[in-house]
Amino acid sequence: MTRTPTETLLTEELILDPHAAAAMFLTARTANSFDAGEISEETLQAVYALTKMAPTAMNIQPLRITWVRSAEARERLVAHMVDGNKAKTLRAPMVAVLSYDTDWHELLPTTAPHAAGMVPTFAGNDALRQGMGANNAHIQAGFFIMAARAAGLATGPMGGFDAAGVDAEFNAGTPRKSFLVVNLGKPNGIVDRERLHRLEFDVATATV
Ligand SMILES: Cc1cc2nc3c(=O)[nH]c(=O)nc-3n(C[C@H](O)[C@H](O)[C@H](O)COP(=O)(O)O)c2cc1C
């Protein structure tokens with residue numbers, strides 16, 4: 001297969017304007033530090049307004065977000081992060097704990113009225129609810145990262161934490177399970193490491 005130069009593709013194939021394509025995909029980096037500026041409530045609401053448009057199976061929307069703003073809550077969260085993630089999580093202007101609701105089926109009459117009759121089926125199948133909850137919340141998490149970028153923020157997603165400990169702190173008494181912690185802040189322009197290799201089209205895709 002002939003390889004098309006990436007620059008040509010990005011000039012000719014995208015409908016996104018070049019500034020947006022750069023900010024959301026091409027120059028955006030995972031951040032370990034941020035500008036010190038605070039993140040407003042309005043910015044967080046804008047991030048969620050975009051995140052919630054993510055497609056999910058049957059529109060179940062299992063993602064739940066806990067914004068960790070106070071210093072006290074931040075300390076409680078950091079206690080459960082792996083050592084390498086502690087300092088940057090303490091310093092980030094905002095941190096979001098992403099969880100999925102394992103009882104997402106209870107909202108089906110609102111989120112998917114056409115499927116409300118399936119509530120008893122899902123209620124009786126914990127494994128199916130867990131699997132669908134986790135899968136679909138991860139899709140929403142990808143949209144969350146892109147939504148934050150669209151709102152001018154940099155993100156630092158982290159899987160390095162003790163989920164049982166975080167759940168005991170922030171999800172106790174709820175059917176929620178944490179799966180990703182995301183540091184957020186305005187970009188500070190600091191690039192602390194080279195971009196790692198991205199797999200080429202021919203390596204990661206096949207046409208059948
Ligand atoms: C699900 C997930 C878990 C991650 N966990 C950690 C983590 O625990 N600690 C960390 O420093 N970076 C973590 N990262 C950051 C990745 O290493 C980073 O996004 C990746 O190398 C791409 O970097 P780039 O966006 O700068 O190209 C995680 C990223 C994702 C998406």
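Quick notes on this structure:
- Number of the exception - L128 against (1) over 23 Å from K86 (Cα atoms); (2) in contact (Cβ under 8 Å) with a residue 12 or more places away in the chain: (2)
- Qualifying residues in region 47-68 (those that are part of a loop (DSSP other than H, G, I, E, B) and β-branched (V, I, T)) - the one surrounded by the fewest Cβ atoms within 10 Å (Cβ to Cβ): T56
- Note on region 69-146: enclosed helices (runs of 4 or more DSSP H) holding 2 or more residues that are closer than 19 Å to G185 by Cβ are 71-78, 83-91.
- Output for region 165-179, where each listed residue is within 16 Å of the ligand (Cβ to nearest atom), part of a helix (DSSP H, G or I) and within 27 Å of S40 (Cα to Cα): V166
- Filter result for V203 (away from the ligand (no atom under 14 Å from the Cβ), without any contact (Cβ under 8 Å) to a residue 12 or more places away in the chain, among the hydrophobic types (A, V, I, L, M, F, W, C) and not in a strand (DSSP E or B)): yes
- Residues considered: G185, G189, G159. Of these, the only one that is modelled with pLDDT under 95 and within 23 Å of the chain's Cα centre (by Cα) is G189.
- In this entry, L44 is excluded by the filter for residues that are surrounded by fewer than 17 Cβ atoms within 10 Å (Cβ to Cβ) and either outside any helix (DSSP H, G or I) or in contact with a strand residue (DSSP E or B) (Cβ under 7 Å, 6 or more places away or on another chain) (or both).
- Boolean, D83 is within 16 Å of the ligand (Cβ to nearest atom) and surrounded by fewer than 16 Cβ atoms within 10 Å (Cβ to Cβ): yes
- Checking each residue in region 127-159 for being within 16 Å of the ligand (Cβ to nearest atom) and under 22 Å from S70 (Cβ atoms) picks out F144, A148, L153, A154, T155, G156, P157, M158.
- Out of I65, I15, sole residue that is within 16 Å of the ligand (Cβ to nearest atom), among the β-branched types (V, I, T) and within 22 Å of I139 (Cβ to Cβ): I65
- Pick from region 180-200, criterion within 12 Å of the ligand (Cβ to nearest atom) and either assigned to a strand (DSSP E or B) or touching an Asp or Glu at 6+ places or on another chain (Cβ under 6 Å) (or both), ranking: farthest from E41 (Cα to Cα): L180
- Tabulated pairs, region 21-37, first in contact (Cβ under 8 Å) with a residue 40 or more places away in the chain and closer than 12 Å to I190 by Cβ, second assigned to a helix (DSSP H, G or I) and within 8 Å of the ligand (Cβ to nearest atom), C-beta under 8 angstrom, 6+ apart or interchain: N32/K88; S33/K88
The values are calculated or read from the model by the stated rules, or taken from the named source; none is laboratory data. For clarity, every value in this text was computed on a predicted model and none was experimentally measured. As a convention, Cβ positions derive from the backbone with ideal geometry for all residues, glycine included, and neighbour counts pool all protein chains shown.
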